[in-house]
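The values are calculated or read from the model by the stated rules, or taken from the named source; none is laboratory data. Please read these numbers as outputs of a predicted model, since none were measured by experiment. As a convention, Cβ positions derive from the backbone with ideal geometry for all residues, glycine included, and neighbour counts pool all protein chains shown. In case anyone asks, the SASA skips ligands and DNA or RNA and just uses the protein heavy atoms, side chains included. Shrake-Rupley method; radii C 1.70, N 1.55, O 1.52, S 1.80 Å.
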Amino acid sequence: MTEAPARLIVRDARGSEREVEISRTPFNLGRQSDNDLVLLDNRISRRHARIVQEADGYAIEDAESRHGTFVNGERVTQQPLKNGDQINLGVSDAYRLTFLMEGAVLPELLEQIGKATDSRAPQLQHLGLLLQVAQVLHRASALEEVLTKLLDSAIQLTEADRGLLFLANEDGELRLRLARSGGSFLPLDQVTYSNAIVERVVRDRREELVVEDELTGRTAQETGVLPAKAHGVVAVPLQKLQVTDSSGETIRQTLPQLLGVLYLEARLQLASVTGLDREVLQTLAVEGATVIENARLLRRAREQERTQHELTLASSIQQSLLPQSLPETNYFELYALTRPCRTVGGDYYDVVALPGGRYGLTVADVSGKGWPAAMMAVMLQGSFDAVAAGDPSLDTLFRRVNGLLCERTPPQMYATLFYGVIDPSGRFDFVNAAHPAPLVMHPNGESTPLGSSNFPIGMFPQATFERQSTQLQPGDEIVIFSDGVTEAQNTSRDFFGDGRLAEALKATMGLPPQERCTRLVETVENFAGLAPQADDITVVLVRFAPKR
């Protein structure tokens, strides 16, 4: 078995945990969507820290973050990592990361196993330690390997001749999952066992010990029927411990969840199971259930991690569809940025070069979030750009793309879209398909909204779209944004709104477009504070500045 890579246990502010493998280095951590570990908290820097591999292990480096990187409560710029180190990025009430390495844990546990014979209860200690080893091993192994280790440990402890492991599925139905004897697998369809014993364990949620009387050959419990050749059976329920919740004067207990049944059978040595006491059985049940539950949780975490990886890959594809560079002309300056609220978002912007030195500017916001919105954004961008590149009239452009979307997307999927064409004279023709009204900012600080009464694109097949025009003067700016700006909310559920947007833009009048966009997004984030980003944020700023 190959050694598992180092990993991080990621615990968020709500207490939810997931596991992330450090599969490559440098391993970047931060808020930006292209990090290896994306942490969605506005106080965490876009590129906050990185984990690197050195000759003697791993180390964490701060990436000049705003609030710093902390290891075990101490702020660091560069720090070697050891097993169990606690990492915080900037603030202690957001994410808590635990650094773990397999190599640091296994030798210690194996060394303890070697010393277990000094204990007064060596069998019991052997069990606990062996199951701890299984818990560590399962982090890098398939669930099957974990279950095999658990079953073999139980057989070794009890000196049973064979063991069976039953697991409950998602519906609570019990199914035989593994059968082992002498270190080998037994065919599940040929295994015999006592249904009566298993059913009683499931019903009563307590261990069963059924032993044949050596003189009479009858079992100690008349209702416990032993299978052929078996002289003794011990069966143990594997279940989550009861959870007690006390609120005021009321104490409530939840029924333990049955995870499975461990069934051990003695065929040759009757004494192998009769010598087990209740403490050993209870320990076997608790530790076995812990291993199974942890393995299941890990499997779910890895599935989530795989999904996250797929979304991150999709995000990189979507980012590659955005303009790799923005045009430089002798009559306008342009800057744009987008920040998805999840790994993959539904906002996008684009620039299309047109005949006569003109340019078409697009900002769209697809309904929904995540993967479906991103896929529709990709389709919308491809179809819109293909039609727009032919330079049709704006009403023809929107009619064709709207028809395509209505034909090939579900009714609940649509997009708000703003598209405008600017020419060297400052004429700006546009269609606003229900998108938040962009602002034309004048040098004196006043603004003019570019709103309309059009429907979103992709909603109604027969919809028509009104074209409008405005004349830009030197120094005028067009600020196009998505509703992630104006509809951003803080912890008090207040919206950022049009008023704060106008104030933020006035406060940065005269600055270059790039700095204006960046400061606007920072203002929105500072307003939201600890509230999570609820929607994608996109800002495009065009400054009409003809050179003479």
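Specify the inter-centroid distance of the stretch 454-512 and the stretch 420-442, based on alpha-carbon positions, in whole Å. With the stretch 454-512 and the stretch 420-442 each reduced to a Cα centre, they are spaced 11 Å.
Sorting ARG7, ARG18 on solvent-accessible area from highest to lowest, probe radius 1.4 Å, gives ARG18, ARG7. For CYS406, CYS341, the ranking by accessible surface with the largest value first comes to CYS406, CYS341, using a 1.4 Å probe. Across the stretch 80-92, computed HN-Hα scalar couplings (Karplus, 6.51 cos²θ - 1.76 cosθ + 1.60, θ = phi - 60°) run x, 9, 10, 4, x, 4, 9, 10, 10, 9, x, 9, 7 Hz from first to last residue, x flagging Gly and Pro. FRET efficiency for the pair ALA437 and ASP189, taken as 1/(1 + (r/R0)^6) with r the Cβ-Cβ distance and R0 = 56 Å, rounds to 0.20. Across the stretch 384-518, counting alpha-carbon atoms alone, Rg and Dmax equal 16.5, 48 Å. Here each label is just a point 7 Å from Cα along the line to Cβ, and for GLU21 and VAL91 those points are 3.3 nm apart. Our estimate of slack between ARG206 and ALA507, defined as 0.36 nm per intervening residue step minus the Cα-Cα distance, is 101.3 nm. Annotation: amide H of ILE537 within the under-5 Å range of ARG339, CYS341, sequence separation 5 or more or interchain, hydrogens built in the peptide plane. For ALA389 and GLU328, the FRET efficiency from 1/(1 + (r/R0)^6), where r spans their Cβ atoms and R0 equals 25 Å, is about 0.80. ARG206 contributes about 120 Å² of solvent-accessible surface, heavy atoms of the protein only, 1.4 Å probe.
Taking 0.36 nm per residue of separation and subtracting the current Cα-Cα distance, fully stretching the chain between GLU199 and SER469 would add 89.4 nm. Among the protein heavy atoms, those of PHE496 account for about 10 Å² of accessible surface (1.4 Å probe, every chain in place). Extension gain for ALA545 to THR491 (0.36 nm times residue separation, less C-alpha to C-alpha distance): 15.5 nm. Computing FRET efficiency as 1/(1 + (r/R0)^6) for GLN462 and LEU337, where r is the C-beta to C-beta distance and R0 is 30 Å, gives about 0.25. Within the stretch 480-527, all pairs of alpha-carbon atoms sorted by distance into 5 Å bins from zero give the percentages 5, 22, 34, 25, 11, 4, 1.
Rolling a 1.4 Å probe over the protein chains gives SER184 an accessible area of about 60 Å².
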